[in-house]
1. Please compute the Kirkwood hydrodynamic radius of the stretch 3-217 from all pairs of different C-alpha atoms, in Å with one decimal.
2. Where in the chain are the DSSP H helices whose alpha-carbon span along the long axis reaches 30 Å or more and whose Kyte-Doolittle mean is at least 1.0?
3. Order of 156, 104, 12 from fewest to most other C-beta atoms within 10 Å?
4. Distance in nm between label sites at residue 158 and residue 88, each 7 Å beyond Cα in the beta-carbon direction?
5. Once the Cβ-Cβ distance between residue 126 and residue 193 is put in as r, and R0 is 25 Å, what FRET efficiency do you end up with, to the nearest 0.05?
6. What is the dipole size for the chain, taken about its Cα centre, with +1 at each Lys and Arg Cβ and -1 at each Asp and Glu Cβ, in debye to the nearest 20?
7. Along Cα→Cβ, 7 Å out, is where each label goes; now give me the distance between the ones at residue 144 and residue 54 in nm to one decimal.
8. First measure r as the distance between the Cβ atoms of residue 28 and residue 99, then evaluate 1/(1 + (r/R0)^6) with R0 = 22 Å and state the FRET efficiency to the nearest 0.05.
Amino acid sequence: MNATKKYVAECIGTFVLTFFGCGTAVVTQCSTNNYPGYLLTAIAFGLSIVAMAYSIGNISGCHVNPAVSLGVLLSGKMSGKDFVGYVIAQVIGAIIAGAALSAILGADTGLGTNGLYNDNAGISLLIEGILTFVFVLAILGVTSKEGFQSVAGLVIGLSLTFVHILGIAFTGTSVNPARSIGPAIFAGGQALSSLWVFIAAPLVGAALAAVVYKYLSAE
């Protein structure tokens, strides 16, 4: 597949994930005091992945997440050049989504940004690391065999919903540096100052998932 087409697909996929997931968080007033909005937000993120997996998955693999791309890179299933291209495309897609959400909803809505749990960076790093580890481990497992291809998009989407159901209460659930970067740029404030947590933790969690999966799947 042409590299440019793969990058465009990743840009579109990350836009869709960020726009619909974060947008749903805003319009449903997602919080632990509003369980319908809480669950709808988790489902929106998951369904975004399902929709994109079955539309752009055959073009780029539908990573739409720098942490996922890192896990795939460390598993030896993509080149360093493609990794850089994917990450750039993903961040651009998320920034476009952040701009669109800001224009439609207003930056003062928070735009579905992530936040530290009890203003504690250490605990937030741990939470995001664990959530990303589980999510990326599921992806590496379900994409490892051709026999799983028909259900891979559904499994990955459900896995993202699964980690959001717990994680939203703590950090809003990132597990995706691009998804955090896009809205934070336009929301500013605390979302921007704590952004490093939602870049570092998912990358570390994904790297650990790649190492563990390689060990578990070795003959």
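1. The Cα-based Kirkwood calculation yields 16.6 Å.
2. Once both thresholds are applied, what remains is 3-27, 35-60, 80-105, 121-142, 195-217.
3. Ranking 156, 104, 12 by Cβ neighbours within 10 Å, fewest first, gives 104, 12, 156.
4. 3.8
5. After rounding, the FRET efficiency stands at 0.85.
6. The dipole magnitude comes to about 360 debye.
7. 2.6
8. Given R0 = 22 Å and the Cβ-Cβ separation, E is 0.55.
Since every read-out is calculated from the coordinates, none of them should be taken as a lab result. These figures come from a predicted structure and were not determined experimentally. Virtual Cβ from ideal backbone geometry, glycine too; neighbours counted across all protein chains shown.
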